[in-house]
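All remarks here apply to the structure that follows.
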């Protein structure tokens, strides 16, 4: 890396740290249970708005993986999400009504909380509809994975976002509170992915799946990115740059083998395409708080009116993490 590039990236990192520090004033502490965090705990960080119906299963899923604590930012929910989380003994909850868009789509708030509470911990930053799957997750808790990563001095762990969907219209089967979403959204695209390398930050850029195939069919290059690095052994000088797609220092992004993914990696099963999405689209089209003027939600709105069926004859029904590894969407690397 050249001197000029190093200086520019260091300046960008400090700017993002300063932005996060300034935005701390927007966060109001609702429930503080951080005193219960143990040094060995893996901590989940999550920003949300109006996700009450999803929260019981979300919490149960990550508790079953042996996550030690949850830190939430509730962005003005009016469906009871904040109060529900505040009642949970393993949750610390912050609230804000500030602009999601002006906070770099929530990442300024998360960067600040990661700095304060995440430093020295393995941290998992996810959305309420994202479910982390990693090698041996059916038999080994998440701290077994982080212990292995510590052994090899690996600081970050990638997970490709895999969009899950039902067979038939999205609204055909209502999602019930507490239900495993993958009882309904049990299908995914096994292929149809485009991968390139970001020359600036050295992360892979992955696009494709049903969102590119259906919602961005005319311009798949504009489809949302699927590459994420959600699991990080956080240090005080780290920052997320764009959601969990990229980090600084940029060495944290170099998590894939140059010859095709032999390093260990996971997936995030993405349970967006369920019945709650219809109301979410209507809300976000009015708020216009998401990336690129909520372009993604515009695409959803344009297609959802026709009740699209994302399923095709090439769709795969999800079985387990080993299936994802066989398909090349994740890898156990040398973790045996």
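No lab work stands behind these numbers, since they all come straight from the coordinates. None of the values given here were measured: they were computed from a predicted structure. Glycine gets a Cβ as well: all are built from the backbone with ideal geometry, and neighbour counts include every protein chain shown.
The slack between residue 316 and residue 235, meaning 0.36 nm per residue of separation minus the straight C-alpha distance, is 25.3 nm.
Assign one of three labels to the chain, namely rounded, prolate or oblate, based on the Cα gyration tensor with a ≥ b ≥ c the square roots of its eigenvalues; rounded applies when a/c is under 1.5, prolate when it is not and a/b is larger than b/c, and oblate otherwise. Walk me through the intermediate numbers first.
Numbers: a/c = 1.26, a/b = 1.11, b/c = 1.14.
Because its axes are fairly even, with a/c under 1.5, the chain counts as rounded.
When 84, 297 are sorted by how many other C-beta atoms sit within 10 angstrom of their C-beta, beginning with the fewest, the order is 84, 297. You can think of it this way: the chain between residue 15 and residue 66 has 14.9 nm of extra reach, that is 0.36 nm per residue less the Cα-Cα gap. Taking the DSSP bridge list for the chain and keeping only pairs wholly inside it, about 55 percent are antiparallel.
Highest average first, the peptides 129-136, 321-328 ordered by how many other beta carbon atoms sit within 10 Å of their residues are 129-136, 321-328.
Of 218, 177, 283, the sequence from fewest to most neighbouring Cβ atoms within 10 angstrom is 218, 177, 283.
Could you work out how much longer the chain between residue 195 and residue 257 gets when fully extended? Use 0.36 nm per residue separation minus the Cα distance between them, nm to one decimal.
Details: separation 62, 0.36 × 62 = 22.32 nm, distance 1.31 nm.
Difference between extended and current length: 21.0 nm.
Among 228, 280, rank each residue by its count of other Cβ atoms within 10 Å, from fewest to most, as a rough exposure measure.
Values: 228 26, 280 17.
The order, fewest Cβ neighbours first, is 280, 228.
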